[in-house]
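Undergrad: The structure that follows is given in the form of C-alpha coordinates.
The values are calculated or read from the model by the stated rules, or taken from the named source; none is laboratory data. Computed from a predicted structure; not experimentally measured. When we count neighbours, we look across all protein chains shown, and the Cβ atoms used for this are built from the backbone with ideal geometry, even at glycine. Keep in mind that these areas ignore ligands, DNA and RNA; they rest on the heavy atoms of the full protein, side chains included. Shrake-Rupley method; radii C 1.70, N 1.55, O 1.52, S 1.80 Å.
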Amino acid sequence: SKVAIGSGNLLGKGLFMGTQKKLKFLPVQESDFIFAVLAEELGFIGGAFVIMLYLLFLYRIILIAKKAKDSYGRLVVIGILSMFAFQIFENIGMTMGLMPVTGITLPFISYGGSSILTNMIALGIVLDIGMRHHTINF
(Lines give C-alpha, C1' and ligand atoms only; values in the text may rest on other atoms or scores of the structure.)
Protein backbone atom coordinates (compact mmCIF):
# COMPACT_ATOMS: atom_id res chain seq x y z
CA SER A 1 0.00 0.00 0.00
CA LYS A 2 2.94 2.35 0.59
CA VAL A 3 4.12 1.71 -2.96
CA ALA A 4 0.63 2.39 -4.31
CA ILE A 5 0.30 5.65 -2.38
CA GLY A 6 3.79 6.77 -3.38
CA SER A 7 3.34 5.90 -7.04
CA GLY A 8 0.30 8.16 -7.24
CA ASN A 9 2.52 11.27 -7.12
CA LEU A 10 0.70 14.61 -7.15
CA LEU A 11 -2.10 14.01 -9.66
CA GLY A 12 -2.28 10.20 -9.73
CA LYS A 13 -2.26 7.72 -12.57
CA GLY A 14 -5.85 8.32 -13.57
CA LEU A 15 -9.09 6.70 -12.62
CA PHE A 16 -8.97 2.88 -13.05
CA MET A 17 -5.32 3.11 -14.21
CA GLY A 18 -3.57 2.09 -10.98
CA THR A 19 -0.95 -0.57 -11.63
CA GLN A 20 -0.82 -1.86 -8.05
CA LYS A 21 -4.57 -2.39 -8.18
CA LYS A 22 -4.67 -3.94 -11.65
CA LEU A 23 -1.86 -6.39 -10.91
CA LYS A 24 -3.54 -7.36 -7.60
CA PHE A 25 -0.56 -6.38 -5.43
CA LEU A 26 -2.92 -4.84 -2.88
CA PRO A 27 -4.83 -7.38 -0.78
CA VAL A 28 -8.53 -6.69 -0.08
CA GLN A 29 -8.39 -3.58 -2.23
CA GLU A 30 -12.13 -2.99 -2.28
CA SER A 31 -12.45 -2.58 1.48
CA ASP A 32 -9.34 -2.52 3.67
CA PHE A 33 -6.90 -0.83 1.29
CA ILE A 34 -9.33 1.37 -0.63
CA PHE A 35 -7.48 4.54 0.41
CA ALA A 36 -4.28 3.22 -1.17
CA VAL A 37 -6.16 2.57 -4.42
CA LEU A 38 -7.69 6.04 -4.23
CA ALA A 39 -4.33 7.71 -3.57
CA GLU A 40 -2.68 5.79 -6.42
CA GLU A 41 -5.34 6.67 -8.96
CA LEU A 42 -6.14 10.23 -7.82
CA GLY A 43 -2.76 11.17 -6.36
CA PHE A 44 -1.88 13.33 -3.41
CA ILE A 45 -4.53 15.88 -4.33
CA GLY A 46 -7.28 13.24 -4.42
CA GLY A 47 -6.16 11.70 -1.13
CA ALA A 48 -5.96 15.11 0.53
CA PHE A 49 -9.42 15.96 -0.84
CA VAL A 50 -10.88 12.81 0.70
CA ILE A 51 -9.23 13.61 4.04
CA MET A 52 -10.58 17.18 3.88
CA LEU A 53 -14.09 15.83 3.21
CA TYR A 54 -13.77 13.56 6.24
CA LEU A 55 -12.60 16.49 8.39
CA LEU A 56 -15.61 18.52 7.23
CA PHE A 57 -17.86 15.54 8.00
CA LEU A 58 -16.44 15.24 11.53
CA TYR A 59 -16.69 19.01 12.06
CA ARG A 60 -20.38 18.96 11.12
CA ILE A 61 -20.97 16.16 13.64
CA ILE A 62 -19.22 18.29 16.29
CA LEU A 63 -21.61 21.15 15.49
CA ILE A 64 -24.57 18.80 15.93
CA ALA A 65 -23.16 17.70 19.30
CA LYS A 66 -22.87 21.33 20.41
CA LYS A 67 -26.49 22.02 19.45
CA ALA A 68 -27.91 18.91 21.12
CA LYS A 69 -30.81 19.61 23.44
CA ASP A 70 -29.68 17.45 26.35
CA SER A 71 -26.50 15.85 27.61
CA TYR A 72 -27.60 12.33 26.64
CA GLY A 73 -27.97 13.35 22.98
CA ARG A 74 -24.63 15.12 23.14
CA LEU A 75 -22.92 12.02 24.53
CA VAL A 76 -24.48 9.76 21.88
CA VAL A 77 -23.30 12.09 19.10
CA ILE A 78 -19.81 12.33 20.58
CA GLY A 79 -19.67 8.53 20.81
CA ILE A 80 -20.63 8.16 17.15
CA LEU A 81 -18.15 10.91 16.27
CA SER A 82 -15.44 8.94 18.07
CA MET A 83 -16.43 5.79 16.17
CA PHE A 84 -16.13 7.54 12.81
CA ALA A 85 -12.89 9.33 13.76
CA PHE A 86 -11.27 6.07 14.89
CA GLN A 87 -12.33 4.22 11.73
CA ILE A 88 -10.98 6.98 9.50
CA PHE A 89 -7.70 7.31 11.42
CA GLU A 90 -7.18 3.55 11.65
CA ASN A 91 -7.86 2.83 7.98
CA ILE A 92 -5.79 5.69 6.56
CA GLY A 93 -3.01 5.02 9.08
CA MET A 94 -3.12 1.33 8.19
CA THR A 95 -2.67 2.01 4.48
CA MET A 96 0.23 4.37 5.18
CA GLY A 97 1.95 1.86 7.47
CA LEU A 98 1.45 3.90 10.66
CA MET A 99 -1.07 1.52 12.25
CA PRO A 100 -1.36 -2.27 12.25
CA VAL A 101 -3.47 -3.93 9.55
CA THR A 102 -6.79 -4.71 11.20
CA GLY A 103 -9.63 -4.88 8.71
CA ILE A 104 -11.52 -1.76 9.71
CA THR A 105 -13.16 -0.25 6.63
CA LEU A 106 -13.09 3.38 5.53
CA PRO A 107 -16.56 4.80 6.27
CA PHE A 108 -18.84 5.30 3.25
CA ILE A 109 -16.08 4.46 0.74
CA SER A 110 -15.13 0.85 1.43
CA TYR A 111 -17.17 -2.02 0.09
CA GLY A 112 -18.92 -3.95 2.81
CA GLY A 113 -22.62 -4.41 3.46
CA SER A 114 -22.63 -4.53 7.26
CA SER A 115 -20.12 -1.68 7.55
CA ILE A 116 -22.12 0.65 5.32
CA LEU A 117 -25.38 -0.32 7.01
CA THR A 118 -23.94 0.34 10.48
CA ASN A 119 -22.47 3.69 9.39
CA MET A 120 -25.77 4.75 7.83
CA ILE A 121 -27.69 3.84 10.99
CA ALA A 122 -25.18 5.75 13.14
CA LEU A 123 -25.39 8.79 10.87
CA GLY A 124 -29.20 8.57 10.99
CA ILE A 125 -29.06 8.70 14.79
CA VAL A 126 -26.79 11.76 14.62
CA LEU A 127 -29.11 13.50 12.16
CA ASP A 128 -32.13 12.67 14.30
CA ILE A 129 -30.48 14.19 17.38
CA GLY A 130 -29.51 17.22 15.30
CA MET A 131 -33.06 17.58 14.03
CA ARG A 132 -34.59 17.41 17.52
CA HIS A 133 -32.97 20.62 18.76
CA HIS A 134 -35.47 22.69 16.77
CA THR A 135 -38.94 23.45 18.07
CA ILE A 136 -41.81 22.37 15.86
CA ASN A 137 -43.97 25.23 14.61
CA PHE A 138 -47.34 24.53 13.04
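Undergrad: Rounded to a whole number, what % of the accessible area of the chain do carbon and sulfur atoms account for, probe 1.4 Å?
TA: 72
Undergrad: Kindly express, to the nearest 10 degrees and within the range 0 to 90, the angle between helix 34-66's C-alpha long axis and the longest C-alpha principal axis of the chain.
TA: Approximately 10 degrees, to the nearest ten.
Undergrad: Can I ask one more? Angle between the Cα long axis of helix 71-96 and the longest principal axis of the chain, 0 to 90 degrees, nearest 10?
TA: Helix 71-96 sits at roughly 0 degrees to that axis.
Undergrad: Could you calculate the contour length gain from T102 to I51, that is, 0.36 nm times the residue separation minus the distance between their Cα atoms, to one decimal place in nm?
TA: Working: separation 51, 0.36 × 51 = 18.36 nm, distance 1.98 nm.
Fully extending the segment from T102 to I51 adds 16.4 nm.
Undergrad: Ok, one more. Give me the 1.4 Å probe accessible area per residue for the chain, excluding ligands and nucleic acids, in Å². Working shown, then result.
TA: Numbers: 8430 Å² over 138 residues.
Accessible surface, normalised per residue, equals 61 Å².
Undergrad: Related question: What angle do you read, to the nearest 10 degrees and between 0 and 90, between the alpha-carbon axis of helix 113-131 and the longest principal axis of the chain?
TA: Approximately 30 degrees, to the nearest ten.
Undergrad: I need the trypsin sites (Lys or Arg not before Pro) found in the stretch 49-122, filtered to DSSP loop residues with at most 16 other beta carbons within 10 Å of theirs.
TA: Passing sites in the stretch 49-122 are K67, K69.
Undergrad: Run down the aspartates and glutamates and flag those whose C-alpha is under 17 Å from the C-alpha of K13, throwing out any fewer than 8 positions away in its chain.
TA: Output for K13: E40, E41.
Undergrad: Using helices alone, I'd like the mean residue ellipticity at 222 nm for the chain: each DSSP H run of four-plus residues gives -39500 (n - 2.57), total over residue count, nearest 500.
TA: Numbers: 5 runs with 88 residues, N = 138.
Taking each H run of at least 4 residues, the total per residue is -21500 deg cm²/dmol.
Undergrad: Stokes-Einstein D for the stretch 1-135 at 37 °C, 0.692 mPa s, Kirkwood Rh over Cα pairs, in µm²/s?
TA: Calculated translational D: 208 µm²/s.
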